[in-house]
Amino acid sequence: EITGRSGVSYIRTIRVTLIATGSVWKYHDGGTSQGTAWRELGFNDDAWKSGPAELGFDEGDEATLVNGGPAGARFPTIYFRHKFRVPDPSIFDSLLIRLRRDDGAVVYLNGVEVFRSNMLDGTISYTTLSDGTTDSETAFYPKEIAPEELLAGDNVVAVEVHQAAVDSSDLSFEL
């Protein structure tokens, strides 16, 4: 809070980017279920591939090409992880997630689901398809969340991107 000369108080919001567009992500595109442990901060993703966002295939704007599986039999889910540090999570009033996904996605912060986009309610598994195709392959879908899952020190955002159909022509991801 800042108080001006007239005695009027002002609140100043400062935006801090925790994960920039174009950041390097770890990803698993091997065509197998990763269960649920991959969402957690302590998961060992050393064997996973990595590359800068945008990640995906067959759209022409990818910085990193991922393996989506054979045409006509696409992998239903590709997994992404990004670690980042937060010295003091108490300074945040809210977090804004901006997600680009084709077709649907579920976002986890330190193992807790915080955002579901173009996915049905209920349990999500490797074979779960998205709730239809995407309205835009270039739009960022925003979601404001409480910062309660942020930790002092290391944190991880884990995202599973789901195809709308096994014969999908493309996939994209950026956060």
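The values are calculated or read from the model by the stated rules, or taken from the named source; none is laboratory data. All values reported here derive from a predicted model rather than from experimental measurement. We place every Cβ from the backbone using ideal geometry, glycine too, and count neighbours over all the protein chains shown. Each accessible area value is taken on the protein alone, full model and side chains, heavy atoms only, with ligands, DNA and RNA left out. Shrake-Rupley method; radii C 1.70, N 1.55, O 1.52, S 1.80 Å.
Please list, ordered by residue number, the strands (runs of 3 or more DSSP E) wholly in segment 97-162 having 2 or more residues that are in contact with a Cys (Cβ under 6 Å, 6 or more places away or on another chain) and surrounded by 20 or more Cβ atoms within 10 Å (Cβ to Cβ).
Because the criterion is at least 2 residues that are in contact with a Cys (Cβ under 6 Å, 6 or more places away or on another chain) and surrounded by 20 or more Cβ atoms within 10 Å (Cβ to Cβ), no strands (runs of 3 or more DSSP E) in segment 97-162 meet it.
Which pairs have Cβ atoms under 7 Å, sit 6 or more apart or on different chains, and link a residue in segment 10-37 that is in contact (Cβ under 8 Å) with a residue 12 or more places away in the chain and acidic (Asp, Glu) to one that is open to solvent by 50 Å² or more (accessible area, probe 1.4 Å) and part of a loop (DSSP other than H, G, I, E, B)?
Asp29/Asn67
Quick one: would you say Gly56 is in contact with an Asp or Glu (Cβ under 8 Å, 6 or more places away or on another chain), at positive phi, open to solvent by 30 Å² or more (accessible area, probe 1.4 Å) and not polar (S, T, N, Q)?
The answer is no for Gly56.
Could you pull out the residue among Leu99, Leu109, Leu55, Leu151 that is touching a helix residue (DSSP H, G or I) at 6+ places or on another chain (Cβ under 7 Å), in contact (Cβ under 8 Å) with a residue 60 or more places away in the chain and under 22 Å from Val24 (Cα atoms)? Break it down into steps so the answer makes sense when it comes.
Values: Leu99 fails: touching a helix residue (DSSP H, G or I) at 6+ places or on another chain (Cβ under 7 Å); Leu109 fails: in contact (Cβ under 8 Å) with a residue 60 or more places away in the chain; Leu55 fails: touching a helix residue (DSSP H, G or I) at 6+ places or on another chain (Cβ under 7 Å).
The match here is Leu151.
Criterion first (aromatic (Phe, Trp, Tyr) and within 22 Å of Asn44 (Cα to Cα)) does Tyr79 satisfy it?
Against the criterion (aromatic (Phe, Trp, Tyr) and within 22 Å of Asn44 (Cα to Cα)), Tyr79 qualifies.
Output the qualifying pairs, or none if there are none: Cβ atoms under 9 angstrom, residues six or more apart or on different chains, first residue in segment 64-93 and farther than 20 Å from Trp38 by Cα and modelled with pLDDT of 95 or more, second residue open to solvent by 20 Å² or more (accessible area, probe 1.4 Å) and in a strand (DSSP E or B).
Here the result reads Thr64/Val24; Thr64/Lys49; Thr64/Ser50; Thr64/Pro52; Val86/Asp154, each pair linking segment 64-93 to a residue that is open to solvent by 20 Å² or more (accessible area, probe 1.4 Å) and in a strand (DSSP E or B).
Collect the residues in segment 29-44 that are surrounded by fewer than 20 Cβ atoms within 10 Å (Cβ to Cβ) and part of a loop (DSSP other than H, G, I, E, B), keeping them in residue-number order.
Just the residues of segment 29-44 that are surrounded by fewer than 20 Cβ atoms within 10 Å (Cβ to Cβ), to begin with: 30-37, 40-44.
Within segment 29-44, Gly30, Gly31, Thr32, Ser33, Gln34, Gly35, Thr36, Glu40, Leu41, Gly42, Phe43, Asn44 meet the criteria.
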